[in-house]
Amino acid sequence: MTDLAGARRIVVKVGSALLVGPSSSEKGDGADRHWLAAFAADLARLRARGQQVLVVSSGAVALGRRRLALPKRALTLPEKQAAAAAGQSALMRAWEEALEPHAIAVAQVLLTRDDTEVRRRWLNARATVETLLALGVVPVVNENDTVVTEEIRYGDNDRLAARVAQMIGADLLVLLSDVDGLYTADPRRDPSAEHLPRVARLTPQIEAMAGGANSAAGVGTGGMATKLAAARIASAAGCATVITLGHRPSPLQAVEDGERSTIIEPSTTPAAAYKAWIAGSLAPAGALVVDQGAAEAVRRGKSLLAAGVRRTEGRFDKGDAVVILDEAGHEIARGLVRYEADDATRICGLKSAAIEAVLGYTSGPLVHADDLALAAHTRAQA
Ligand code: GLU
């Protein structure tokens, strides 16, 4: 069971109320530098243990609102977007300053819903974030509020954080909140409300608790219902979710010290969830017919190199799902292809080192091992 100390890759969602709190330390641009400094030390501790950390941070609209001296009334969407544009740089400056004393570099990653739902963009976003994590950077993710419209927004950063956790195969998602976890009823109204430290499965009963009196618990965009929606996405992606109080100096340390929180367990592993998604949910756009050597390599879990591909079928785009067929036409696997159909056809049979000269670029193997799911009968044989 993944917990904070055991997780390999952790996504932490920080809400606006934490960053832009009405705190005594709040001077200048409005970011709560006291809280940030303590939280940065919390993150540095995880990094020092070799854990990879990604932060999903709200606060752009709140900081921008201040910077642009916008009125207190509800903002129009264009005003919110303007505020986000002005506030995002202040937000990044606050994160940079907080992590700098720990010699941790941060990188700004702004995403829209399409970036986690359109496969090609998803692959690009994933590759960038993977590279940042491998370089030891802490990516700071927010929604790209300036360009999104109402219809294409995630809308709340709980869900964005869950999608990011899914995208990078994280094993733990931490939602820092203004409640210390999930209760059987709203604890502020019902003294008999019981805290749930661990939820093994998100059953309809559990969902009903959060959907009822509890749903609006918490300020900000996401109440308990959006937290559970995020936990549901994460759980299906093989990622555990921790819901805990953010308003403490070191909220992650507090969880490790046994302070109240709720952990919602995943229903699978990240790798199995990802492979099931490739095998089951995507309509293949084409096929790659491979020679015997490549078929064997794929069965053994290796990447599919252009050298072993005889021909392509269909009109697929980079990032589309394709079927991998042996020369007798039997399906051996499905995977996400890294080249569009014309380019894939041009490099069939070529050694990896020759690809760049032909196409002017290389994206590595035609299908990377990580993006390959063996067909059920192939798995049985292997
Ligand atoms: N993207 C918004 C911001 O930075 C926050 C959305 C949310 O908190 O759910 O202000």
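Worth a mention:
- Residue in the range 127-139 that is open to solvent by less than 20 Å² (accessible area, probe 1.4 Å) and within 16 Å of the ligand (Cβ to nearest atom) present: yes
- The set of residues from the range 152-173 being among the aromatic types (Phe, Trp, Tyr) and at pLDDT 95 or above is empty.
- The test for being under 25 Å from the mean Cα position of the chain (by Cα) and open to solvent by 20 Å² or more (accessible area, probe 1.4 Å) holds for residue 334.
- When the range 26-59 is limited to residues that are within 16 Å of the ligand (Cβ to nearest atom) and assigned to a strand (DSSP E or B), the one that is surrounded by the most Cβ atoms within 10 Å (Cβ to Cβ) turns out to be 56.
- Of the residues examined, residue 118 is not one that is β-branched (Val, Ile, Thr), over 20 Å from residue 270 (Cα atoms) and surrounded by fewer than 23 Cβ atoms within 10 Å (Cβ to Cβ).
- Failed criterion for residue 81 (all others in (1) surrounded by fewer than 19 Cβ atoms within 10 Å (Cβ to Cβ); (2) farther than 19 Å from residue 173 by Cα hold): (1)
- Subset of the range 144-184 that is among the polar types (S, T, N, Q) and either more than 12 Å from the ligand (Cβ to nearest atom) or free of Cβ contacts under 8 Å to residues at least 40 places away in the same chain (or both) - its residue that is farthest from residue 272 (Cα to Cα): 149
- Residue satisfying condition, being of a type in the set (Gly, Ala, Ser) and either assigned to a loop (DSSP other than H, G, I, E, B) or closer than 28 Å to residue 117 by Cα (or both), within set 294, 344: 344
- Pairs meeting the criteria (first residue in the range 255-275 and closer than 19 Å to residue 207 by Cβ and in a loop (DSSP other than H, G, I, E, B), second residue open to solvent by less than 60 Å² (accessible area, probe 1.4 Å) and among the polar types (S, T, N, Q), beta carbons under 9 Å, at least 6 apart or on different chains) are 265/2; 265/235; 265/241; 266/2; 266/235; 266/241; 267/235; 268/235.
- Some residue of the range 79-98 being out of contact with any Asp or Glu (no Cβ under 9 Å at 6 or more places or on another chain) and part of a loop (DSSP other than H, G, I, E, B): no
- Filter result for residue 66 (open to solvent by 50 Å² or more (accessible area, probe 1.4 Å), on the phi < 0 side of the Ramachandran plot and in contact with a helix residue (DSSP H, G or I) (Cβ under 9 Å, 6 or more places away or on another chain)): yes
- Among the residues of the range 69-78, just one is within 13 Å of the ligand (Cβ to nearest atom) and surrounded by fewer than 16 Cβ atoms within 10 Å (Cβ to Cβ), namely 77.
- Long-range neighbours under 7 Å by Cβ, at least six apart or interchain, first residue farther than 12 Å from residue 371 by Cα within the range 318-338, second among the aromatic types (Phe, Trp, Tyr): 318/339
- Qualifying residue in the range 8-16 (condition: in a helix (DSSP H, G or I), touching a residue at least 12 places away in the same chain (Cβ under 8 Å) and within 14 Å of the ligand (Cβ to nearest atom)): yes
The values are calculated or read from the model by the stated rules, or taken from the named source; none is laboratory data. Remember, it's a predicted structure, so these values are computed and weren't measured experimentally. When we count neighbours, we look across all protein chains shown, and the Cβ atoms used for this are built from the backbone with ideal geometry, even at glycine. All accessible areas refer to the heavy atoms of the entire protein, side chains included, with ligands and DNA or RNA removed. Shrake-Rupley method; radii C 1.70, N 1.55, O 1.52, S 1.80 Å.
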